[in-house]
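Derivation of every value follows stated rules applied to the coordinates shown; laboratory data play no part. All values derive from a computational prediction rather than experimental measurement. Please note: Cβ atoms are built from the backbone with ideal geometry, for glycine as well, and neighbour counts cover all protein chains shown.
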Amino acid sequence: MLYAVLVALLSWAGWWSVIQLPPNDLTKSLFFVLMFIALGSTLMPAIAYLNARFGRFHDRHVYVIRFVRQSLLIGGFVVVVSWLQMQRVLSPTLALIVLAVFVLTETFLVTRETPPEEA
């Protein structure tokens with residue numbers, strides 16, 4: 001978790017410095033990359049806590065992969081929605097469709113990682 005906090009601080013500082021630059025193709029790309037890293041690393045401790053509290057814990061390796069994946073999926077959702085808003089094509093319906101895709105992806109991955117019950 002210490003690494004996640006350190007990466008979050010560095011990426012938020014980088015994101016803030018990119019916002020201060022004049023917009024061009026490079027700064028737009030850096031904006032979205034740093035937003036993805038900043039949001040994903042900022043959400044990791046909270047999602048790790050929620051997974052530890054409410055999730056099923058089978059294996060530590062699976063647990064770590066799950067909360068990292070979930071935080072990066074949330075960061076990816078925010079980046080995709082932000083990019084769609086920048087292109088002026090975002091609508092509430094499209095945001096819900098994108099959210100549904102991310103939720104279904106995570107649901108599929110969570111159901112695939114749990115071992116089958118022995119009869």
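Could you list, ordered by first residue, the pairs with Cβ atoms under 8 Å in which the first is in segment 1-30 and touching a residue at least 12 places away in the same chain (Cβ under 8 Å) and the second is among the aromatic types (Phe, Trp, Tyr), at least 6 apart or interchain?
Matching pairs, first to second residue: 15/31; 18/31; 19/31.
From 56, 88, which residue is free of Cβ contacts under 8 Å to residues at least 24 places away in the same chain and in a loop (DSSP other than H, G, I, E, B)? Explain how you work it out, then say what you get.
Numbers: 56 fails: free of Cβ contacts under 8 Å to residues at least 24 places away in the same chain.
Matching residue, one of 56, 88: 88.
Would you check if there is a residue in segment 40-53 being surrounded by 17 or more Cβ atoms within 10 Å (Cβ to Cβ) and basic (Lys, Arg)?
No, the conditions are met nowhere in segment 40-53.
Does residue 72 satisfy being assigned to a helix (DSSP H, G or I), out of contact with any Asp or Glu (no Cβ under 8 Å at 6 or more places or on another chain) and of a type in the set (A, V, I, L, M)?
yes
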